[in-house]
Amino acid sequence: MLHLKTLSEMADDLAEKRYSATELVTHFLNRIQNHDSELNAFITVTKEQALSTAKKADQDRMAGTAHKLAGIPIAQKDIFCTKGIKTTCGSFMLDNFIAPYDATLIERCNQAGLATLGKTNMDEFAMGSSNENSYYGPVRNPWDVTRVPGGSSGGSAAAVAARLAPIATGTDTGGSIRQPAALCNLTGLKPTYGRISRYGMIAYASSLDQGGLFGLSAEDLALVLQITAGFDEKDSTSVDHAVPDYSKTLHDSLQGVRIGIPKEYFTAGLNPQIAHCIHEAIKVYEKLGATIKDISLPHSDLSIPAYYVIAPAECSSNLSRYDGIRYGHRCENPVDLSDLYRRSRAEGFGSEVKRRIMIGTYALSAGYYDAYYLKAQQIRQLIRQDFVEAFKEVDFILGPTTPDTAFKLGEKTNDPISMYLSDIYTISVNLAGLPAISAPAGFSDNLPVGMQLIGSDFSEAKLLNIIHQFQQHTDWHKRMPEGV
Amino acid sequence: MEWETVIGLEVHAQLATKSKIFSGAATAYGAEPNTQACAIDLALPGVLPVLNREVVIMAVKFGLSVGAEVAERSVFARKNYFYPDLPKGYQISQFELPIVKGGSLDILLEDGSIKRVGITRAHLEEDAGKSLHEDFNGMTGLDFNRAGTPLLEIVSEPDLRSAKEAVSYLKTLHTLVRYLEICDGNMQEGSFRCDANVSVRPKGQAALGTRAEIKNVNSFRFVEKAIEYEVQRQIALIERGEKVKQETRLYDSDKNETRPMRSKEEANDYRYFPDPDLLPLCVTSEWVEKIRQTMPELPTQKRVRFEHQYELSAYDASLLAGHKALADYFEAVLKLTPAPAKLVVNWVMGDLAAALNKVNLDISKSPLSPEKMAGLLNRIHDNTLSGKLAKEVFEVLWEGNADTDTIIKERGLEQMTDSSEIEKIIQQIIDKNPTQLAEYQAGKDRLFAFFVGQVMKESRGKANPEQVNALLKEKLKGEMNV
């Protein structure tokens, strides 16, 4: 039962040659073959590449030259460009797109010898909170297949939750890693903006997009963050900030760590059972020596409106390149240029993508720019300032990741506002560019509950430390969906 | 009614970098279509721009050369519009916060006076690709080699008052950017392009008239003609009681007229916003100072220095300073010879320039090195060569490898300066031409030239003409007294 092991255990086993990378990868490929038809977590399975990577890992390990993660399977969100392998971004527009290059994150995973099992399903162009906006169909939540896994990185979350992969990548623009992590009982990390290169990661909203990871524990995330974090000269917004040893500080004591509880995160919209789980988590941290403090993030309620101006504005421009001219979908028999543009884009994009392009185009239009885009950027500064003030008093901020547990497929598809509200606690973190982790904190009616810990810029090592300590004293993160 | 013309110019100077403004692809002109376009230039999904440092240095150099403010913080924005040769669906360009603000350029007017033209701003941006509408059977071909080529857009104040002034401004700017070595100035290849904003107003009126923008005129001559046409068109419109429309017009050089572009091409809301893929560009004052240290002497500075240091006329100085390679050549020669500057100028801008012109070579590629030129001038200066012989030597120098002294020796071309030898020849000529002598003595002064010519001919051009003149005059006078 190799899939029940953690990534850290697999790395040790491979080093000790208890089994080969080929056996490990084959095991996961078989699981995908047997279980993914129900979940729809993968858009593309890269069996041959995974096996040849595993074979190479085995050879390198025999030669003593293998990286300790060589041969560990990984699932890659289909937003990261992969050389020679189709990258769709969940869109019909890119159904035929094969990039001639690897995203920097992919390149770094490949260099370490991680074996890519496939490309995971996602909301089209990362726009969505349920994974129902994928051209390749919805992903189902392994905890209850009538429910959504969250989004936009729903495929990655479902794959790890169902143990179809021990680790997966995701991207988080407004909560697209943390929200599905919460809904699928995973540990999900959204690093500081600029910590992981965006090169080759298909842009949704450039100033908010950040690549990150899903895993079963903070310990597992630390190992993979180690190889993916760091400055990249190909991304001008990546930050040249030292990458610490993330595993080394996992065991640090939490004595004296100050944790702030923002009152704005515990209001009427929050499922009371989730509130209960968070309060239980607070008790665990108190026992571990942390100091708990009530704090306020007064502009929290402005984060969703600000986000839904800034993100669509950037997306309206980022998605202009999909014009049917150089690659991607082109309509049949266009009569003229305008027809080529209109039909290629109308046919290539789904409705949520079109909605956001239209919102964004409107917000940037002459006469509206000041009232919308500029105002939203000002609000963004206020939100960031809230956090800066809070971090003068506390080291971390703890709250719920989502207002509710996984909802039913189709439940919110006709109510975008309600869908947008599922990211109410996560969005402000993107607006402020901060790192945050969602980690398992209990259950409500047999559905996972996530807690979110937010840190200051580049505090990933500390964040992983306080989650790891929590996971040493709780076992929520070890719970698995039935049938795994 | 008397009308005043008001012109402001926007010049797109292609910066002479090896690679593109946001990618590592080459910028060389004339490559096979789509061989110099990388994933970033083609706007494939997920790629990101990274600013070319060289481009910033070039913009700063330009800013310093026109006495402008180099902004400590400038911002790249996205100009959004759809066009097939615009791969991203937006052009990255500086909008609200350009890198160069203010400044001015002094231009020489026809009457010899200097006019100061204000420069509003200069900003960095990327070029688009090219749409090719011919040879594709009703389809359009796209060449993305040019996509992402760095441009510096230089915007003037509406300070120019005639087509001639506009051309003078353009020529001055053209010289400047080549001096700074930030642009090759090749107008045929589109490295230096110009849009002209033209309006007219009744003389004495302060408010500006409605302007039309003439796009992409690619030679100095066409700029002049396009503006002249446009001014007449606008005046005629107003005098007929109609109004000038604010619009973008294209100049048709075949018909010599401007025509409005289709409104579809201009009615754009570009939805500018700061590009989130690029951080604000910060140019510290330390960096600006470093760049200042590397600045070459500018045309105006050079002109003034030449006038003072070498006592050249304003005309000679400005002609030389207008062409950096020519000025460099002039100074190189001058260093190697005691000949006076004026003599050097005459030869460099006279015979040498003419010879280069004939074979269409730039001075920088002159087959005649400054050393050889100096060698020739040395012998003119010390009277070894007469002007006529010098021209003969120049021809030989131009053709081959020999140097002046060798040529003189081989061909026996030294000037004859020995008076007794010259007198001998004079005597021979007088003796041979009794008839002419008689006529001269009878008062036909014009025949003096005949005698000079005969003497020069006899000496095969080697006799010093001044000496010939003096000695001949004396001799003929003597003959009269006999």
Checklist entry - Applying 1/(1 + (r/R0)^6) with R0 = 25 Å to the Cβ-Cβ distance of A:K55 and A:V484, what FRET efficiency is obtained, to the nearest 0.05? => result 0.40
Checklist entry - With the calculation restricted to Cα positions, what are the radius of gyration and Dmax of region B:43-100 in angstrom? => result 13.8, 41
Checklist entry - Which value at 222 nm does chain B reach when only helices count, each DSSP H run of 4 or more adding -39,500 (n - 2.57), with the total divided by all residues and rounded to the nearest 500 deg cm²/dmol? => result -12000 deg cm²/dmol
Checklist outcome for this item: Under the 7 Å Cα-to-Cβ spin-label approximation, A:R384 and A:H251 lie apart by a distance in nanometres of 3.8 nm
Next on the checklist: Expected output is a single nm value to one decimal: the length gained when fully extending between B:L109 and B:S419, i.e. 0.36 nm times separation in residues minus the C-alpha distance. What is it?
Outcome noted: 106.5 nm
Item to check | Area buried, chain A against chain B - accessible surface, total, 1.4 angstrom probe, square angstrom | outcome: 2700 Å²
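Can you tell me how much longer the chain between B:R259 and B:Q188 gets when fully stretched, taken as 0.36 nm per residue apart minus their C-alpha distance, in nm with one decimal? Each step should come with its number before you reach the end.
Details: separation 71, 0.36 × 71 = 25.56 nm, distance 2.17 nm.
Contour length minus Cα-Cα distance gives 23.4 nm.
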Checklist entry - Quick one: length gained pulling B:R161 to B:N383 fully straight, 0.36 nm per residue minus the C-alpha distance? => result 74.8 nm
Checklist entry - In whole Å, how far is the Cα centre of region B:16-77 from that of region A:22-40? => result 47 Å
Checklist entry - Between rounded, prolate and oblate, where does region B:223-341 land on the alpha carbon gyration tensor, with a ≥ b ≥ c its root eigenvalues, rounded for a/c under 1.5, else prolate if a/b exceeds b/c? => result oblate
Checklist entry - How many lysine pairs does region A:195-340 hold where the Cα atoms are under 22 Å apart and the two sit 8 or more places apart or on different chains? => result 4
Item to check | Greater than 20 Å apart at Cα, pairs in A:K5/A:K83; A:K354/A:K412; A:K17/A:K68; B:K302/B:K324; B:K432/B:K477; B:K171/B:K324 | outcome: A:K5/A:K83
Checklist entry - What does the helix-only formula give at 222 nm for chain A: each DSSP H stretch with n ≥ 4 adding -39500 (n - 2.57), the total divided by the residues, and the result rounded to the nearest 500 deg cm²/dmol? => result -11500 deg cm²/dmol
Next on the checklist: Sort B:317-328, A:210-221, B:243-254 by packing, meaning the average of other beta carbons within 10 Å per residue, with the highest value first.
Outcome noted: A:210-221, B:317-328, B:243-254
Checklist entry - What list of ³J(HN,Hα) values in whole Hz, one per residue of region B:430-445 in order, does the Karplus curve 6.51 cos²θ - 1.76 cosθ + 1.60 (θ = phi - 60°) give from phi, with Gly and Pro shown as x? => result 4, 5, 6, 10, x, 4, 4, 4, 4, 4, 4, 5, 6, x, 7, 4
Checklist entry - Averaged across the residues of B:84-93, what count of C-beta atoms belonging to other chains lies within 10 Å of each residue's C-beta? => result 4
Checklist entry - For the residue pair B:N469 and A:K263, what label-to-label distance in nm results when each label sits 7 Å from Cα along the Cα-to-beta-carbon direction? => result 10.7 nm
Checklist entry - Taking the Cβ-Cβ separation of A:A346 and B:A354 as r and a Förster radius of 60 Å, what is the calculated FRET efficiency to the nearest 0.05? => result 0.35
Checklist outcome for this item: Note to self: with every protein chain in place and a 1.4 Å probe, the protein assembly as shown gives an accessible area per residue in Å² of 42 Å²
Item to check | Packing rank of A:58-69, A:371-382, B:42-53, B:284-295, where each peptide gets the mean count of other beta carbons within 10 Å, highest leading | outcome: B:42-53, A:371-382, A:58-69, B:284-295
Checklist entry - Rounded, prolate or oblate: which one fits region B:419-481, using the alpha carbon gyration tensor with axes a ≥ b ≥ c (rounded when a/c is under 1.5, else prolate when a/b beats b/c, else oblate)? => result prolate
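Between B:R53 and B:L361, what's the calculated FRET efficiency when r is the beta-carbon distance and R0 is 45 Å? Round to 0.05.
With a Förster radius of 45 Å, E is 0.85.
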Checklist outcome for this item: Whole-Å distance linking the alpha carbon centroid of region B:114-182 with that of region A:222-291 is 52 Å
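Under the rule a/c < 1.5 gives rounded, and otherwise a/b versus b/c splits prolate from oblate, where does region B:131-188 land using the Cα gyration tensor? Provide the component values of the computation, followed by the final result.
Values: a/c = 2.95, a/b = 1.90, b/c = 1.56.
Prolate.
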Checklist entry - Size of the dipole of the protein assembly as shown about the Cα centre, Lys and Arg at +1 and Asp and Glu at -1 on the beta carbon, nothing else charged, in debye to 20? => result 260 debye
Checklist outcome for this item: Diffusion coefficient in µm²/s returned for chain A by Stokes-Einstein, Kirkwood Rh over C-alpha pairs, 4 °C and 1.567 mPa s, is 58 µm²/s
Item to check | Over the protein assembly as shown, volume per residue of the alpha carbon convex hull, in Å³ | outcome: 239 Å³
Item to check | Peptide A:82-92, shielding by other chains (average Cβ, 10 Å cutoff) | outcome: 1
Next on the checklist: Highest mean first, how do B:205-217, A:348-360, A:126-138, A:98-110 rank when packing is the count of other Cβ atoms within 10 Å averaged over residues?
Outcome noted: A:126-138, A:98-110, A:348-360, B:205-217
Next on the checklist: Treating chain B as a set of equal point scatterers at the Cα positions, no solvent, please give the Debye-formula log₁₀ I(q)/I(0) at q = 0.06, 0.08, 0.12 Å⁻¹.
Outcome noted: -0.43, -0.67, -1.11
Checklist outcome for this item: Simple spin-label estimate for B:E395/B:K130, 7 Å along Cα→Cβ, in nm, reads 4.4 nm
Item to check | Amide H contacts of B:A463 (H built 1.01 Å from N, under 5 Å, at least 5 apart or other chain) | outcome: B:M416
Checklist entry - What's the average, rounded to a whole number, of partner chain beta-carbon atoms within 10 Å of each residue's beta-carbon in A:200-211? => result 3
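The values are calculated or read from the model by the stated rules, or taken from the named source; none is laboratory data. Since the structure is predicted, the reported quantities are computational estimates derived from the model, not experimental observations. Virtual Cβ from ideal backbone geometry, glycine too; neighbours counted across all protein chains shown. Heavy atoms of the whole protein, side chains included, go into the accessibility calculation; ligands, DNA and RNA do not. Shrake-Rupley method; radii C 1.70, N 1.55, O 1.52, S 1.80 Å.
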